[in-house]
1. Taking residue 140 as the residue in question, decide whether it is loosely packed, with under 14 Cβ neighbours inside 10 Å, at negative phi and touching a Leu at 6+ places or on another chain (Cβ under 8 Å).
2. Which ones in the stretch 1-34 are small (Gly, Ala, Ser) and either closer than 13 Å to residue 95 by Cα or assigned to a helix (DSSP H, G or I) (or both)?
3. With the requirement that a residue be assigned to a helix (DSSP H, G or I), touching a helix residue (DSSP H, G or I) at 6+ places or on another chain (Cβ under 9 Å) and either surrounded by fewer than 16 Cβ atoms within 10 Å (Cβ to Cβ) or not charged (D, E, K, R) (or both), what does the stretch 145-180 give you?
4. Taking the stretch 30-46, which residues are in contact with a Leu (Cβ under 9 Å, 6 or more places away or on another chain), open to solvent by 30 Å² or more (accessible area, probe 1.4 Å) and small (Gly, Ala, Ser)?
5. Please go through (1) without any contact (Cβ under 8 Å) to a residue 40 or more places away in the chain; (2) in a strand (DSSP E or B); (3) open to solvent by 40 Å² or more (accessible area, probe 1.4 Å) for residue 188 and return the number of the only condition it doesn't satisfy.
6. Identify all residues within the stretch 44-66 that are assigned to a loop (DSSP other than H, G, I, E, B), more than 17 Å from residue 2 (Cβ to Cβ) and out of contact with any Ser or Thr (no Cβ under 8 Å at 6 or more places or on another chain); write none if there are none.
7. Being touching a residue at least 24 places away in the same chain (Cβ under 8 Å), more than 14 Å from residue 156 (Cβ to Cβ), open to solvent by 40 Å² or more (accessible area, probe 1.4 Å) and of a type outside the set (Gly, Ala, Ser) narrows it down to one residue among 8, 27; which is it?
8. Which residues, taken from the stretch 1-40, are polar (S, T, N, Q) and more than 28 Å from residue 178 (Cβ to Cβ)?
Amino acid sequence: MAILPIVEVPDPVLRKVCEPVTHVTDEVRGIVSDMFDTMYDARGIGLAASQVGILQRIVVIDLQERPEGDAGGDEAVEDEAEADADGTRNPHAFINPELVSVSEETSTYNEGCLSIPEQYAEVTRPARCHVRWLDTDGQPREQEFDGLMATCMQHEIDHLNGVLFTDHISRLKRGMLMKKLDKMRRNG
């Protein structure tokens, strides 16, 4: 279990296409575990292996949804014991995930990315997606996702293909977002 360094733009590794995992081994399960540790530490809800410099088709997602009536929002729960007690953690690992189909209906979310810290933009994507993947036992799985899970899944699969959420917004908005990121980095 380790917290891995998160790769940030403009690192070229984020633009590389990840290779499929040929066999789900203990090493792959170790990467998945480290990715979950890294994602939780960074207070994210999704992480692709390329974001930690590993060019394999591995994604972890945990929307960490809170029970009805909890005003905590989409942020992760800080205390691991609290997360487990509240049942808010619901980790999912996807090895070699692929989009089988997507809906014509779209939805728009204000997306962010651990590799583009503290920057957000409205991104429109298909509202539903059907995904095929291997689980951590190497077993094939398929499921249709909607809502935030569909958005997150498409966002993370984009990472595996060298695509960032900023590629889905206008050149003007992307330029403004990157200027804000540069200013934030300069101001420390």
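The values are calculated or read from the model by the stated rules, or taken from the named source; none is laboratory data. Every value quoted in this text rests on a predicted model; they were computed, and no experiment measured them. As a convention, Cβ positions derive from the backbone with ideal geometry for all residues, glycine included, and neighbour counts pool all protein chains shown. Quick note on the areas: whole protein, heavy atoms, side chains included, nothing else; ligands and nucleic acids left out. Shrake-Rupley method; radii C 1.70, N 1.55, O 1.52, S 1.80 Å.
1. Details: loosely packed, with under 14 Cβ neighbours inside 10 Å: yes; at negative phi: yes; touching a Leu at 6+ places or on another chain (Cβ under 8 Å): yes.
Considered against the rule, which asks whether it is loosely packed, with under 14 Cβ neighbours inside 10 Å, at negative phi and touching a Leu at 6+ places or on another chain (Cβ under 8 Å), residue 140 comes out as yes.
2. First pass over the stretch 1-34, keeping only residues small (Gly, Ala, Ser): 2, 30, 33.
Listed by number, the residues that qualify are 30, 33.
3. 155, 159, 160, 165, 166, 167, 168, 173, 177, 178 - these are the residues of the stretch 145-180 that are assigned to a helix (DSSP H, G or I), touching a helix residue (DSSP H, G or I) at 6+ places or on another chain (Cβ under 9 Å) and either surrounded by fewer than 16 Cβ atoms within 10 Å (Cβ to Cβ) or not charged (D, E, K, R) (or both).
4. Passing the criteria: only 42.
5. Failing condition for residue 188: (2).
6. 45, 55, 57, 62, 63
7. Values: 27 fails: touching a residue at least 24 places away in the same chain (Cβ under 8 Å).
Residue meeting the stated conditions: 8.
8. Restricting attention to the stretch 1-40, the residues satisfying the condition of being polar (S, T, N, Q) are 22, 25, 33, 38.
Result: 22, 25, 33.
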